[in-house]
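Remarks on the structure that follows.
The values are calculated or read from the model by the stated rules, or taken from the named source; none is laboratory data. Keep in mind the model is a prediction, meaning the values are calculated, not measured. Cβ atoms come from the backbone with ideal geometry, glycine included; neighbour counts cover every protein chain shown. The area values use the complete protein model at the heavy-atom level, side chains included, leaving out ligands, DNA and RNA. Shrake-Rupley method; radii C 1.70, N 1.55, O 1.52, S 1.80 Å.
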Amino acid sequence: MTPIIWRVAGADDGPALSILGGATFLSSFAHDHPGAALVSHIRTAHGIPYYEAALADPEQTVLIGETPFGAPVGYAMITPPDLPIATDPACDRELKRLYLLSGWQGGGHGDTIMDLVAQECQTAFKRDPRSASKRDPLFR
């Protein structure tokens, strides 16, 4: 299996994330969603402007996985919580999206990206001194 090289996405990764996000969403949900609604959702929720805004927001982190040739094959988005429960933005993070193209599923890639997500959350806590006493013991 071709390896995945993971990195923090930069401002110029919006187009690649848009294509990857649309492709992974389509491949995951085309079997049970009406086509027109699915395409409309992808245009909005996976459009270049959506990812450009996420990449410009210092409170969000996007990890992108690429082949050694630079082709995007997976990503994860870590954001402030946007949940229907009480949260503390100083110490809570939400894993909003986690997708891998099917050809790269298996082989431990899920474990790798989850480890990287946990590391990024721990790094975010260290950047925010308000969260020092509230950190989840998992990330200490």
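Structure notes:
- Cα-based Rg / Dmax (Å) for the chain: 15.8, 48
- Residues whose amide H lies under 5 Å from that of Lys96, counting only those 5 or more places away or on a different chain, are Met77, Ile78, Thr79; hydrogens are built 1.01 Å from N in the peptide plane.
- Entry note, the chain: the mean residue ellipticity at 222 nm calculated from DSSP H runs of n ≥ 4, each adding -39500 (n - 2.57), is -12500 deg cm²/dmol after division by the residues and rounding to the nearest 500.
- Pairs of Cα atoms nearer than 8 Å and 6+ residues apart set the relative contact order; for the stretch 1-80 it is 42 percent.
- Only the Cβ atoms of Lys and Arg (+1) and of Asp and Glu (-1) were treated as charged; on that basis the dipole of the stretch 1-137 about its Cα centre amounts to roughly 80 debye.
- Charge tally for Ile85 (other residues, Cβ to Cβ under 13 Å; Lys, Arg +1; Asp, Glu -1): -4.
- Using a probe radius of 1.4 angstrom, the carbon and sulfur fraction of the accessible surface of the stretch 53-106 is 56%.
- Relative contact order (percent, whole number), the chain, Cα cutoff 8 Å, 6+ residue spacing: 23 percent
- For the chain, accessible area per residue (1.4 Å probe, heavy atoms of protein chains only), Å²: 57 Å²
- Cα gyration tensor category, rounded, prolate or oblate, for the stretch 30-102 with a/c compared to 1.5: oblate
- Spacing of the two label points (7 Å from each Cα toward its C-beta) at Thr44 and Leu26, in nm: 1.9 nm
- Phi to ³J(HN,Hα) by Karplus 6.51 cos²θ - 1.76 cosθ + 1.60 over the stretch 17-31, Hz, x for Gly, Pro: 5, 4, 5, 5, x, x, 5, 5, 5, 4, 5, 7, 10, 5, 6
- If the chain linking Leu101 and Ala37 were pulled fully straight, counting 0.36 nm for each residue of separation and taking away their Cα-Cα distance, it would gain 20.9 nm.
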